[in-house]
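First up is the structure itself, then whatever we jot down about it.
Derivation of every value follows stated rules applied to the coordinates shown; laboratory data play no part. All values reported here derive from a predicted model rather than from experimental measurement. Heads up, the Cβs are rebuilt from the backbone with ideal geometry, glycines too, and the neighbour counts pull from every protein chain shown.
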Amino acid sequence: MSTKLDRERTALLQGTLDLLILRTLRQGPAHGHAIAKAIEARSHDVLQVEQGSLYPAIHRLIKGGWITFEDGTSENNRRAKFYRLTAKGVKRLTRDMTRWERFAGAVACILRPTTE
Amino acid sequence: MRPTHPLDNLAQDIQDHIDRETEDNIAKGMAPGEARRRALITLGNPALIAEDTRAVWARGWLERTAEDVRYALRQFKRSPMFAATAVVSLAVGIAAATGVFSIVNAALLNPFPFADINRIVTLGMIDKGKPRGLLVTALQLVALEHSDVFDGTFALDTWVTTLTGQGLPEAVGIQYFSANGLNVLGVPPLLGRVFHEADGLAGEPPQPVVVLTYRFWQSHFGGRPEALGQTIFLNREPYTVIGVLPRQYFSAGPEILVPLDLTFDTNAAWGVQARLKRGVTARMAEQRLQPLFDQFAKEAPQRFPKEVRPLVRSLVQTRWAADFVPTLLLIFAASMLLLLIACANVSILLVARGTSRVHEFAVRAALGASRGRLMRQLFVESLLLAFSGAALGVTAGYWGLPAIVRLLPRNLVPVENLIAIAAVPVSVPVLLFSAGLAMASALISGLSPALSFSRPRLTTTVRTTAGVESRRAHHLLLAAQIAVTVLLLAGTGAAVRVLAGLYRTSLGYDPHDVIVATINLPDNTYMEWAGRATFYERLRDRMAEVPQVESVALATYSGIPPQSGQRSAVEVPGRDTPGDEAPIVQRISADYFSTMKIPLIRGRVWSNSESGGTPHVAVVNQTMAHARWPDESAIGRRLRMPDYVKPPNPFRLAAPGSDGWFEIVGVVGDTPNVGLHEPPAPSIYVPYTLMLSDSLNVILRTSHDSLAMSRSIREAVRTVDPNQPVSVYTAEGALASAGWARERFVTLLLLGFAVFALMLAVVGLYSVVSYAVSCRFKEFGIRMALGAGRGRIVNAAVQPAVLAIVAGLFAGLALSVGLNTVVARWSIGNLNDPVVLVAVSLVLFVAAMMSAAIPANRAASIQPVDALRTD
């Protein structure tokens, strides 16, 4: 019984992390650490990225063709893989964002019903 | 180095991440050691992360399949008997289907090895709506060559001539080609070269050169390359060997290729073949050739009828033996049925095995394997079985096909390619076909088990008396298998009946211990009637002296029914009606009937010495007598054969002083003379001396084993004329290859299929009953413990299977009767024959009972204590 629920929860979290990574990369290419930092910073440190799941998520996105990577040099002259959104990734981001906003809006409506 | 895969430098990436986090932490004011520790805590275990990340990529389609294959192989290793049975079942089915397919492919789909075969056509003509052969002169050939529809045209001719200079003289088949012929056909040389235009220019005598077929090169030069440049003597003229053809070309029929003498003499004319220009269809060619044919008709009215229309047919079409096509399709259908039976069998085995693996599936499902995952696993297993079966089947076909090809009726299939398949039985199309079959069989046989086991319910599978549902699937499959087996057996039975009927057909003569020696005179020998007559007589006398020869007769045409004589024009005053087909005329010596043991019904046969050896008398068969003189005796009637005054060609020499009139002196019994399947046609026998042909058949009745005498017969011929070639065969052999070949071929193949089908049915049934017993082991134990007798248990074990067999049997019988009308159109037997159907049912039932007896007996000898002790 519990397996099914677990799986759904994981899926939800995974999906969310994917969305956050895609959203971060819309600002421009970034390396793994920068992505984690950006998510934390933009959520005002509310969302603590489970850094361990960051890399599998990135690779899942590469495998799906939503992001790609190239070699680059970071600010302090260190080599790093820079991840970048693909056209397919942009499309998915737009779609997922609409979906997320609709979902978040609906939840918000329930949690804070407008007084009649 | 640039990373090309995201996983390259993964460890480095993670290490960088930690370093950066550490630097951040130091920037926040932590001590370096603490900063590093916190960074590691935030990220987690690097090794684990690397592994998780790799896992994203690792589970690709291929890896998963490889995993499934490994798992399946482990499963097979655990139950090798099951795997072997399944693989062998499928191998048998696939071998049969693939073998028959290669014959179909060679005979129908791709009968000639020539390049771009569909553009090669034979030219003919249509005269008053009927297709006729076409012969053209050298000038007409040149005109055709210059028409705009062909890439090339060539004339061809076949002949039998005498090869000398290599031991005993020998008759060899010659194929004449106008010098460009081999180039138009696209035949490359294996050694040396093929003819080019200069070897035989129109209007000039051709160069004395020959190209050898592979066969002749092997048999006469031992396959040695030194054959090139050697001289051979054809009809005592020297010819230089300039080339050898690859094995697949002209691998039957003519043995030596010679350039045709394209003389401008308008009496010489030959058949024509051509290669159509690309994009020109046969119909278009016919339209565009019409003006040319009109011109031919004007120039040569003796050869071209008025309002002639050209006929262009592809070589493949003209050489299809039309009545063999349905036979091949029938065999093909039968092989497909056999494969279907094999699939059902494997299906049964898979279901049975699935039943014993229910626990495994339940556990895997509980561990999170999805339904699709389980189905894929099962499908991979059946694919693996099917492809192993296909590999084994193709290998078996590789060894077995030449044997099947040897059975094929030679005169019904274009033989060129059959030899080629015997040489290379596994070609690319055949391999593709068998791979397709393997896929299909995997799907068919894997479907039912995949559906029933990919949906395990923990609750039902935990109970050990499981499998009620799968046993039902089992019995359905068994019934289906039995039904198809019945159909195949019925078809086989029908074919056997037809063949048996043919063997019983009254031949009207006795073919046992009869040998025929065929004499083909070398060209331009014995060109005077008297000389030829003496030679033939001396041959006969000499052969009569050979030990163990009981009697000797001469016949002009192959004297062995069902091929006997040639239709020729006969006038019977007052008895001819316009619709009459010309009777079959055979020229024989007087002792023909006694040698063949054909009974004389009325009158007499002439004697060899009568009227100086050339009496103008005739003997007719009963059919002829009844057809022309239904109410009176034919004896004493006269008939006229104009050919005997002036022979139609120079190879025949008429006896001097013939007026063409004959008196009928006797009536003999009928023998089949237009094939074994047709009633005898009217026929007339006249003394062979009245018109001597350049070929002769000496018919010898011997006292025992005839073929062993072939050597002494050759010796006898040599003592009369050392330059005279002779070929020897037995009457029974000729009979088998001419009349029964098709039936024998179909029946033997079907019998083979039927035996395998029966074996498969037995295996299927055996596994159904034994799995039922093993599933219900505990139940039977309990029932025995409670006092059930052995008979009861046997009954319980066997009854469902027996029901399935009976159901399958009836379904199969219904199928046979229902399909009879379809199959009847394809010839060979009657599926509706009650004798066949009853016999088939009996055979199947007995086989079924025997195969069920062993597991049933095991069920009856269960020890209740053992049964209760198992979990």
Once the convex hull of the alpha carbons of the protein assembly as shown is built, what does its volume come to per residue, in cubic angstrom?
319
Compute the helix-to-body angle for B:46-58: its Cα long axis versus the longest principal axis of chain B, expressed 0 to 90° and rounded to tens.
30
Per-selection Kirkwood Rh - the range B:200-277 (Cα, Å, 1 d.p.)
14.1
Share, in percent, of DSSP beta bridges within the range B:523-724 that are antiparallel, nearest 5:
70
Percent relative contact order of the range B:117-319, based on C-alpha pairs within less than 8 angstrom and at least six residues apart?
35
Over the range B:179-227: Kirkwood hydrodynamic radius from C-alpha pairwise inverse distances, Å
12.0
With θ taken as phi - 60° and the coefficients 6.51, -1.76 and 1.60, list the Karplus ³J(HN,Hα) couplings across the range B:539-549 in order, rounded to whole Hz; mark glycine and proline as x.
4, 4, 4, 5, 5, 5, 7, 4, x, 6, 8
Enumerate the amide H contacts of B:Tyr176 below 5 Å, restricted to partners 5 or more residues apart or on another chain; note that Pro and chain-start residues carry no placed amide H.
B:Asp157, B:Thr158, B:Trp159, B:Val258
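Over chain B, what is the mean sequence separation of C-alpha contacts under 8 Å (at least six apart), divided by residue count, expressed as relative contact order in percent?
15 percent.
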Extension gain, B:Ser79 back to B:Met850 (0.36 nm per residue minus Cα-Cα distance, nm)
275.1 nm
Hz values of 3J(HN,Hα) by residue in the range B:266-271 - Karplus curve (6.51, -1.76, 1.60), Gly and Pro given as x
6, 7, 8, 8, 9, x
Quick check: from the Cα gyration tensor, does the range B:86-163 come out rounded (a/c under 1.5), prolate or oblate?
prolate
Under 5 Å from the placed amide H of B:Ile601, counting only residues 5+ away or on other chains, we find B:Val667, B:Val668, B:Gly669
Please determine, in degrees from 0 to 90 and to the nearest 10, the orientation of helix B:710-720 with respect to the longest principal axis defined by the Cα atoms of chain B, where the helix direction is its Cα long axis.
30
Enter the mean number of other protein chain beta carbons within 10 Å of the beta carbon of each residue in B:5-13, as an integer.
4
Quick one: grab Rg to one decimal and Dmax as a whole number for the range B:85-218, Cα atoms only, in Å.
20.6, 69
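If I take R0 = 22 Å and measure r between the Cβ atoms of B:Leu819 and B:Leu451 in this structure, what FRET efficiency does the formula 1/(1 + (r/R0)^6) give, to the nearest 0.05?
Efficiency, from the Cβ-Cβ distance: 0.20.
Set the Förster radius R0 to 22 Å, insert the Cβ-Cβ distance between B:Arg792 and B:Leu842 as r into 1/(1 + (r/R0)^6), and round the FRET efficiency to 0.05.
The formula returns an efficiency of 0.20 here.
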Chain B: Cα Rg divided by the 2.2 N^0.38 Å rule of thumb
1.31
Amide H neighbours of B:Val209 under 5 Å, counting only residues 5+ apart in sequence or on other chains, H built in-plane at 1.01 Å?
B:Thr240
Between B:Asp523 and B:Glu545, what is the label-to-label distance in nm when each label sits 7 Å out along the Cα-to-Cβ direction?
3.4
Alpha-carbon Debye profile of the range B:10-58, log10 I(q)/I(0) at 0.26 Å⁻¹:
-0.88
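Order these peptides, B:29-42, B:776-789, by their mean beta-carbon neighbour count within 10 angstrom, highest first.
Top to bottom by mean Cβ count within 10 Å: B:776-789, B:29-42.
At 37 °C and 0.692 mPa s, grab the translational diffusion coefficient of the range B:164-207 from Stokes-Einstein with a Kirkwood Rh over Cα pairs, rounded to a whole number in µm² per second.
264
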Run the helix sum for chain B: -39,500 (n - 2.57) per DSSP H stretch of 4+ residues, divided by residue count, reported at 222 nm to the nearest 500 deg cm²/dmol.
-17000 deg cm²/dmol
Ranked highest first by average number of other Cβ atoms within 10 Å, how do B:840-846, B:756-762 line up?
B:756-762, B:840-846
Eligible aspartates and glutamates near B:Lys277 by straight Cα distance, threshold 19 Å, same-chain separation 8 or greater:
B:Asp116, B:Glu145, B:Asp148, B:Asp151, B:Glu286
In nm, to one decimal, how far is the B:Leu292 label point from the B:His359 one, both placed 7 Å along Cα→Cβ?
8.1
Per-residue HN-Hα couplings for the range B:853-863, Karplus 6.51 cos²θ - 1.76 cosθ + 1.60 at θ = phi - 60°, whole Hz, x for Gly and Pro?
5, 5, x, 5, 5, 4, 4, 6, 9, 4, 8
